[in-house]
Amino acid sequence: MSETLILFDIDGTLLRTNGAGIGGFVEAGVRVFGKDFSLDGLLVGGQLDPLILDRALGQLGMAPDEVNLRAFRHHYHECLGRLFKSGERESIAMPGVQKLLDQLEALAHVDIGLLTGNLAETGQLKLGAAGIKIEQFCVHAWGDDGETRDHLPPVALERWLEHRGIERDFEHTVIIGDTIYDVQCAKANGCRVLAVCTGVDDRETLEAAGADWVVDDLSDTEAVLEWLLQS
C-alpha cells in the first residue's frame, strides 16, 4: 500500500534543456503572434507556461484566451521537438535523477509524480529527450491544471487518491523543486519540500524561502532516500 507521494518538478530539477524550452517558446510565440513576441523582462523560472504566455501577450496588448493558448501549444510542441531532433539543443537529466527515480519506483510504499509548470505535451517531450520515462510517474499536475502553482498540489493529491483508492493528507506528500515557487507551493499546502540547487535559485535563497532541506543535487541517492522516507 502506497504511503507517500513524491512530486518532482521538471525544469531545473529532473533535467535541463540548455535553452530549448525558452527558445522553442519564443519561436512558437513569434510564429503565432508576430515578431514582437518576447519573454524579455518576464519571470520564467518556476512559473506556469500558460501564465508566462498570458504575460507575454499582455506586453503586446493582447488579452489571453483559450484560442490563443491552443494555437500556441501546437507550435510550441513542434518548435521544441525540432530543436531536440536537430541537435541544436539537448535535454539532459540532472545528476542522480535516474538512479533516484528507479529506486523510488521499486518501493511498494512510495509513488512518484510530476508537479510542473510545463504543459503536458511539451513536458513529456522534455522528459523523453532526457531519457526519463513518463510511465515512472503515476500522477501528473501540469501547468494548465491551476491558475497558480499553489493550486497544483491539491490536483496531484486528488489524482493520487483516485489512482490508489486511498485517503491521505499532505503530511504524506513531498515536493522536490529548484525554485522558491516550488517551496512556496509546498508550504502553502502543508507538504514537505526538498530543494535542489541545480536550477534557478541558490542555496541561500531556497533556505530563506523555507525549504525543509536543500541539496546541491540529487546524486547522493542514499541520503536523499533516507530524508524522503522519514515519517
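The values are calculated or read from the model by the stated rules, or taken from the named source; none is laboratory data. As the structure is a computational prediction, the values presented were derived from the model and not from experiment. Because the Cβ atoms are built from the backbone with ideal geometry, glycine has one as well, and the counts that use them run over all protein chains shown.
Brief remarks follow.
- Contact map, the stretch 205-225: residues that are under 20 Å from ASN189 (Cβ atoms) paired with residues that are acidic (Asp, Glu) and in a loop (DSSP other than H, G, I, E, B), Cβ distance under 7 Å, separation 6+ or inter-chain. No pairs are found.
- Qualifying residue in the stretch 201-212 (condition: under 22 Å from MET94 (Cα atoms), touching a helix residue (DSSP H, G or I) at 6+ places or on another chain (Cβ under 9 Å) and surrounded by fewer than 20 Cβ atoms within 10 Å (Cβ to Cβ)): yes
- Residues in the stretch 189-231 that are assigned to a loop (DSSP other than H, G, I, E, B) and among the acidic types (Asp, Glu) were compared, and the one that is nearest to ILE6 (Cα to Cα) is ASP212.
- Here LYS35 meets the list (1) assigned to a loop (DSSP other than H, G, I, E, B); (2) crowded, with 19+ Cβ neighbours inside 10 Å almost entirely, failing just condition (2).
- In the stretch 1-26, the residues that are of a type in the set (Asp, Glu) and buried (at least 19 other Cβ atoms within 10 Å of the Cβ): ASP9, ASP11
- Single condition PHE137 does not satisfy, out of (1) under 30 Å from PHE72 (Cβ atoms); (2) more than 17 Å from the chain's Cα centre (by Cα): (2)
- Taking the numbered list (1) in contact (Cβ under 8 Å) with a residue 24 or more places away in the chain; (2) small (Gly, Ala, Ser); (3) not in a helix (DSSP H, G or I) in turn, GLY81 passes all entries but (3).
- Scanning the stretch 91-107 for residues that are surrounded by 15 or more Cβ atoms within 10 Å (Cβ to Cβ) and of a type in the set (Asp, Glu) returns a single hit, GLU105.
- Considering the conditions (1) surrounded by 20 or more Cβ atoms within 10 Å (Cβ to Cβ); (2) in contact (Cβ under 8 Å) with a residue 24 or more places away in the chain, ALA188 is excluded by exactly one of them, (1).
- Residues located in the stretch 149-172, provided they are surrounded by 14 or more Cβ atoms within 10 Å (Cβ to Cβ) and not aliphatic (A, V, I, L, M): ARG149, ASP150, HIS151, PRO153, PRO154, ARG159, TRP160, HIS163, ARG164, ARG168, PHE170, HIS172
- Checking ASP65 against (1) in contact with a Ser or Thr (Cβ under 8 Å, 6 or more places away or on another chain); (2) surrounded by fewer than 21 Cβ atoms within 10 Å (Cβ to Cβ); (3) not assigned by TED's automatic domain parsing to the domain that holds THR198, the condition it does not meet: (1)
- Residues in the stretch 38-67 that are in a helix (DSSP H, G or I), within 22 Å of ARG149 (Cα to Cα) and of a type in the set (Val, Ile, Thr): ILE52 alone.
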